[in-house]
Amino acid sequence: ADAFLVVGGRGSGNFKNDALLTEDRGVSFVEKSNSVFTSGRYSTALVATGPATFVAFGGYSTGGIYYNEVRQSTNSGVDWTTLRAEGGGGGECSGDAAMWSARSGMAYAYMPLRNRILLAGGDGGSYTKEVWGSDDGGICWFLLTADSDGAATSGYHGASLVVATLGGVEILVLAGGYGTGIGYLSSVYRSLDGGASWDVIASSCLLYTSDAADDL
């Protein structure tokens, strides 16, 4: 209950590839690995699917490269193995070979009751608003919806995705982000069916764009 992991990120002139574990709610951190991915990167996703099991995926690295590599650790970040290879050809998945495209800055969450990892939106050179899920720990993925916010944007990145459990029902809340041609968003969406359909519960508004600073 007091432990969590931090992986990757952008340092001073380089991209990190380490895993740092805290067991005292962030007071102190211990490096567990320096090879989380096949290369350093930032704007990745990371979820805990068990007491010592973590799944890290996606991200961006030097040279403008986006990734959809999925990596897993079952010993609190010490050792990492690949669940899906770069490019997501589907060779490691016995079911549908579908795979989300390489991207960074996606919203992500884990639904413990459904045992589902979720990914929403992200930037792979252009923004998307797809929602993908995996019910087997990150090996096989399926498209839940290609349009999580209706006609509100043509895509977004940097949004937050939260799971709230009430009375045995897992409620997903997707909020904020940055939309193509719009700027920063304050919209909030809700899903009651594991990410397949979404309802707006707070209206989107323009907060800021570089071309319209006076609109603040």
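Okay, here's what the table says:
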read-out: Search result, residues across the stretch 162-187 that are of a type in the set (G, A, S), in a strand (DSSP E or B) and surrounded by 13 or more Cβ atoms within 10 Å (Cβ to Cβ); value: A175, G179, G183
read-out: Contacts under 7 angstrom Cβ, first residue in the stretch 152-174 being at pLDDT 95 or above, partner among the basic types (K, R), 6 or more apart; value: G155/K129; Y156/K129; E170/R114; I171/R190; L172/R190; V173/R190
read-out: Meets criteria (among the β-branched types (V, I, T), closer than 26 Å to T62 by Cα and crowded, with 20+ Cβ neighbours inside 10 Å) for T128; value: yes
read-out: Residue match in the stretch 134-153 (condition: closer than 21 Å to S43 by Cβ and open to solvent by 50 Å² or more (accessible area, probe 1.4 Å)); value: no
read-out: Hey, S39 in contact (Cβ under 8 Å) with a residue 24 or more places away in the chain, of a type in the set (S, T, Y), on the phi > 0 side of the Ramachandran plot and surrounded by 14 or more Cβ atoms within 10 Å (Cβ to Cβ) or not; value: no
read-out: Sole exception among (1) in contact (Cβ under 8 Å) with a residue 24 or more places away in the chain; (2) basic (K, R); (3) open to solvent by 30 Å² or more (accessible area, probe 1.4 Å) for R116, by number; value: (3)
read-out: All strands (runs of 3 or more DSSP E) inside the stretch 1-79 with 3 or more residues being within 16 Å of M106 (Cα to Cα); value: 4-10, 45-48, 54-57
read-out: Hey, E69 charged (D, E, K, R) and crowded, with 20+ Cβ neighbours inside 10 Å or not; value: yes
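The values are calculated or read from the model by the stated rules, or taken from the named source; none is laboratory data. Keep in mind the model is a prediction, meaning the values are calculated, not measured. Positions of Cβ are generated from backbone atoms using ideal geometry, with glycine treated the same way; all protein chains shown enter the neighbour counts. Protein only, heavy atoms only, side chains kept; ligands, DNA and RNA dropped before computing areas. Shrake-Rupley method; radii C 1.70, N 1.55, O 1.52, S 1.80 Å.
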